[in-house]
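Notes to accompany the following structure.
The values are calculated or read from the model by the stated rules, or taken from the named source; none is laboratory data. Keep in mind that what you see is a predicted model, and the values were worked out from it rather than measured. Counting neighbours? That spans all protein chains shown, and the Cβs are built from the backbone with ideal geometry, glycine included.
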Amino acid sequence: MLNSPQLFPATFVRRYKRFFADIIDGQGNLITVHCPNTGSMKNCQVKTSSCWYSLSDNPKRKLPGTLEIVTTSYGQLAGINTIRTNGLVAAALAKNQIPSLEAYDLVTPEVRYGSEKSRIDFLLKTSVGQLPDCYVEVKNVTLDMGDGLAMFPDSVTTRGTKHLRELTEMVSLGNRAVLLFCVQLSAAERVEVAADIDPEYAKTMALAVAKGVEVIAWRTKIDTEGISLHRAIKVLTPP
């Protein structure tokens, strides 16, 4: 699991001001670590639950610790560090682990595209040029609803809605466009769009799928040693 640093066990206390989390480390000390997640982290803030954090050796950091894994209110492990999400997908692409994308041998991250001036997470091409270019947008999923159900988003995402419009535009220009849900939950079996949280996102998703945008989901393998992309799970898109 090369995408994760060494992890240290702790007990979750609280998250506040979005980017701060208080935890109790293995020696019983209350410490503040960086919380690298801009979402609501709904169902991922369980007081006294088990969590894991990493440490940075960068002397310029005010908070050397980073919250990496938490326990959800349904008992799943959740990888909440969204900064690592694209690395998980990049590693899987490098190993041709995703069957629907394995024909592409050229992978370029963070490419500007679209009329709304976005950046696509990965632009895939073939060296022989026999396939249309493929635009892959990655979204991190941590909203655990129990019984194997994961949902996205966990808060209103105007940025995510914009990305769906951009992907739809790419399809209209003759390219492939793929929305990949990276589900960082240890026991998720399916993903649905949280229309009650963001109805505009759900509406835009339905239009995007109707226009030819592909939606796939891959669950990660999470344990105290780290996180890696593991296997495909079912996606239920809005009607």
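Tabulated results
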quantity: Any hit, segment 221-230, residues being of a type in the set (Lys, Arg), surrounded by fewer than 19 Cβ atoms within 10 Å (Cβ to Cβ) and modelled with pLDDT of 95 or more; calculated: no
quantity: Single condition LEU67 does not satisfy, out of (1) crowded, with 20+ Cβ neighbours inside 10 Å; (2) within 24 Å of MET205 (Cα to Cα); calculated: (2)
quantity: Residue in segment 123-135 that is acidic (Asp, Glu) and under 21 Å from THR168 (Cβ atoms) present; calculated: yes
quantity: Residue satisfying all of: in segment 168-215; within 21 Å of THR85 (Cβ to Cβ) and among the charged types (D, E, K, R); surrounded by the fewest Cβ atoms within 10 Å (Cβ to Cβ) among these; calculated: GLU189
quantity: Where ARG231 falls short, out of the listed (1) assigned to a strand (DSSP E or B); (2) touching a residue at least 40 places away in the same chain (Cβ under 8 Å); (3) of a type in the set (Lys, Arg); calculated: (2)
quantity: Listing of strands (runs of 3 or more DSSP E) fully contained in segment 33-125 that carry 3 or more residues being over 30 Å from PRO9 (Cβ atoms) and not acidic (Asp, Glu); calculated: 106-113, 118-125
quantity: Total residues in segment 19-52, condition of a type in the set (D, E, K, R) and under 15 Å from THR71 (Cβ atoms); calculated: 2
